[in-house]
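Beneath this line is the structure, given in structure tokens, with notes to follow.
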Amino acid sequence: MRKALFGLVSFMLMTFCVHAANQEDESPLRLDHPDRHVVVQGDTLWNISETFLRTPWLWPEIWHVNPQIANPHLIYPGDVISLVYIDGQPRLTLARGPGGRTVKLSPEMRIEPIDTVIPAIPLDAIRPFLKSSRVTDQETLDQAPYVISGHEGRIVSGGGDTLYARDSDDGQLVKYASYGVYHPGAAYVDPDTGEVLGVEALEVGLGKILAKDADIATVRLNSSDNEIMAKDRLLPTEEEKVIPTFFPSSPVNETNGKIISVLGGVSQVGPYDVVAINRGQRENIEVGNVMAIYHDSGMVTDRVKNELVQLPPERAGILMVFRTFEKMSYALVLKAQRPLTVGDSLRNP
């Protein structure tokens, strides 16, 4: 009888331990998570969520909206994020700090101090790629207006100078309108299909059309980041589309892709490096989409069967898309367990 009772107690204890372990495995929370976090300058939504969650990109799924806060998606230094349980489920809540930004909702215009808002990811890492780089197609570049000369025949122009541009056949240049001046860059090619996904256009300056005489336009350069030379192209300026409050999400469809380039002149890929990937708007990729990075583990020799065997890819990091184009996107590497390289594969997280 005692043996049977002992066996039953042991079985129940083991079942409880296994259940507890499974619950621990299924929990989105880190084992060492805090109960609260006071937001400080320099925080990002990603690093804040990393202090609470094992998979930071799931943060929006456990966010608890406080109806008394006008815009809970804007988080400021001094605000307090707390972990609570509602109906047995973990939830993150927001309490405004000493600044007291809770306001009553009313049908009037309110200006948010967006420059003080905690961004989702480090904006300093992606800002150059929001402003100075875009992806277009070769036909658009070939048909775009182009620089023919600097003032008085100068070869190189810069901020504050006047230059001359020749309009396209369909008359794209508009008097008094502003344009970006772009230097054609490298073409992005899909490594699997050979398809040209786009051509990088590097912004070298900003200018305004002062006058037009037939198809020759006089352009005043308001600013320049690099030397502007003949054959550089003029394209309409793009409004910066990325705001600091976008949130991580999984791609709508099951997506497989690859890193096709590393931007910024670096060779090894690590945290906060910007990469180009071969998936874009046509594959329903959206800003904020998170993808897991898998590194090729290579091939080894099976010494029993005397043949080469491809090892399965190893999960090595995670990235978030911050800018999309038709056939490709720019993404920021948020985590890397090992050095990453061009050609590493991507999957849904």
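Rule-based calculations on the coordinates, nothing more; no lab input. Keep in mind that what you see is a predicted model, and the values were worked out from it rather than measured. With ideal geometry, Cβ positions are generated from the backbone for all residues, glycine too; neighbour counts draw on all protein chains shown.
Backbone geometry of segment 332-340 corresponds, through the Karplus equation with coefficients 6.51, -1.76 and 1.60 at θ = phi - 60°, to 3J(HN,Hα) couplings of 10, 6, 9, 8, 9, 7, 7, x, 9 Hz, x marking Gly and Pro.
Scalar couplings 3J(HN,Hα) for segment 212-218, obtained by applying the Karplus form with A = 6.51, B = -1.76, C = 1.60 to θ = phi - 60°, are 9, 10, 6, 9, 9, 10, 8 Hz; x denotes Gly and Pro.
Computed 3J(HN,Hα) for segment 226-234, one whole-Hz value per residue from the Karplus formula 6.51 cos²θ - 1.76 cosθ + 1.60 where θ = phi - 60°, is 9, 5, 10, 10, 4, 5, 5, 9, 9, glycine and proline marked x.
Distance between the modelled labels on N226 and D296, one decimal in nanometres: 2.9 nm (7 Å Cα→Cβ projection).
Summarising the amide proton neighbourhood of I118: residues at separation of 5 or more, or on other chains, whose placed amide H is nearer than 5 Å comprise I75, Y76. Of K175/K258; K231/K335; K131/K335, which sit over 32 Å apart, Cα to Cα? From the list (K175/K258; K231/K335; K131/K335), the Cα-Cα distance tops 32 Å for K175/K258; K231/K335.
Just to check, using Stokes-Einstein with a Kirkwood Rh over alpha carbon pairs, what's the diffusion coefficient of segment 257-347 at 4 °C and 1.567 mPa s in µm²/s?
Translational diffusion coefficient: 95 µm²/s.
Amide H contacts under 5 Å for N289: S249, V321, restricted to partners 5 or more places along the chain or on a different chain, H placed in the peptide plane at 1.01 Å from N. Counting Lys and Arg as +1 and Asp and Glu as -1 over every other residue whose Cβ lies under 13 Å from the Cβ of L210, the net charge comes to +2.
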